[in-house]
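The values are calculated or read from the model by the stated rules, or taken from the named source; none is laboratory data. Note that this is a predicted model, so its numbers are computed, not measured. Every residue, glycine as well, gets a Cβ built from its backbone with ideal geometry; the counts of neighbours run over all protein chains shown. Just the protein is used for accessible areas: all its heavy atoms, side chains included, with ligands, DNA and RNA removed. Shrake-Rupley method; radii C 1.70, N 1.55, O 1.52, S 1.80 Å.
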Amino acid sequence: MKIKALIFDVDGTLADTEEAHRRAFNQAFEQQRLEWHWSPDEYARLLKVTGGKERIGAYVDSLTVGAVERHALKARISAIHEIKTENFTQLVREGLVPLREGVARLIEEAERAGVRLSIATTTTLGNIEALLSVNLGRGALDRFSVIGAGDQVRRKKPAPDIFEYVLKELQERAADCVAIEDSANGLAAAKGAGLFTVVTPSRWTSGEDFRGADLVVTSLGSSAHPLRDIENHFSLARERERRAGSTAVGEK
């Protein structure tokens, strides 16, 4: 059974971006004269909250401050996040955020096979454009049929909204597409949209629960033909579903 489209997450999936994001957040805090610093351990905990602005909000909620100060800090979230995005984009342009192993190969293999490429992420379009342009060259965004990003949907992962948005724009059925994720939140979102889901954990998410995934791979670079391997698992899963449906009908 042929896959019609691949739907990629970005942070942690296309690239291990999180250390650069952490650095960019800390730079923004310093630039805004905030005495905040997110250590790797603290940032790993905050990653359970999807979305950069939401992450800052969750951190503000954890602070021991009065109601007036908390309200004032929350009013600054958008400005802090905008500066953070500029910092992150600069780090990407400096070549500090390469694609994860096997990602470029999978993209090229999919294009040769006529499988459409798309993105479903909570990060901003500016972050995506910088990451893809630096690593895949000019015009990289044009290789993707649909890019669902940032605030295009109200509810972020683990809600399925961003995947549902991308499927609608692709005009494809979930049963014909594959999501590629790195986190438990992303997995829940993709499965909630009815997608066959491949998880390739990053160093930030390796301890999360991926038992609901259809396929877990340490790295997309572990295979010389990642699309072919994914398609084999995808076809087997869809055939099992077809047989289970036929059996259920026969028992009625």
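Just a few scattered comments:
- Distances between placed amide hydrogens fall under 5 Å for residue 116 paired with 5, 6, all partners being 5 or more residues away or on another chain.
- Positive dipole terminus of the stretch 11-122, leading residue within 25, 15, 39 (C-beta point charges): 25
- GNM remark for the chain: springs join alpha carbons under 10 Å apart, and the peak mean-square fluctuation among 236, 195, 227 falls on 236.
- A full extension of the chain between residue 54 and residue 67 corresponds to an added length of 2.9 nm, given 0.36 nm per residue minus the alpha carbon distance.
- Förster radius 30 Å - calculated FRET efficiency between residue 224 and residue 155, Cβ distance, rounded to 0.05: 0.20
- Segment residue 237-residue 4, length gained on full extension (0.36 nm per residue, minus Cα span): 82.4 nm
- Euclidean distance between Cα centres, the stretch 179-216 to the stretch 125-151, Å: 22
- Once the C-beta distance of residue 145 and residue 74 is scaled by a Förster radius of 25 Å, the resulting FRET efficiency is 0.10 to the nearest 0.05.
- Largest GNM mean-square fluctuation across 151, 11, 229, computed for the chain with C-alpha springs under 10 Å, falls on 229.
- Taking the chain as a Gaussian network of alpha-carbon nodes connected by springs under 10 Å, the highest mean-square fluctuation of the residues 63, 141, 91 belongs to 63.
- Taking only protein heavy atoms and a 1.4 Å probe, the accessible area of the chain is 48% carbon and sulfur.
- Take the chain with all the other protein chains still there, run a 1.4 Å probe, and you get 49 Å² of accessible area per residue.
- Cross-link pairs 2/157; 157/191; 4/168; 4/156; 53/157; 53/168 - those with Cα-Cα distance over 19 Å: 2/157; 4/156; 53/168
- Within straight-line cross-link reach of residue 48, aspartates and glutamates at Cα separation under 20 Å, skipping those fewer than 8 residues along the same chain: 9, 11, 16, 18, 19, 61, 151, 161, 181, 182, 208, 209
- Added length on full extension, which subtracts the Cα-Cα distance from 0.36 nm per residue, residue 138 to residue 169: 8.8 nm
- Net charge dipole size for the stretch 177-252 [Lys, Arg +1 and Asp, Glu -1 on Cβ; Debye, nearest 20]: 220
- Evaluated with a Cβ-only charge set (Lys, Arg +1; Asp, Glu -1), the chain carries a dipole of roughly 520 debye about its Cα centre, given to the nearest 20.
- Calculated P(r) of the stretch 117-245 - Cα pairs past 22 Å, %: 40
- Span-like helix check, the chain: qualifying full DSSP H segments, with Cα axial length of 20 Å or more and mean Kyte-Doolittle of -1.0 or more, are 77-93.
- For the chain, calculated [θ]222 nm from helices alone, where every DSSP H run of n ≥ 4 adds -39500 (n - 2.57): -15500 deg cm²/dmol
- Overall Cα dimensions of the stretch 39-135, principal axis frame, Å, largest first: 57, 24, 23
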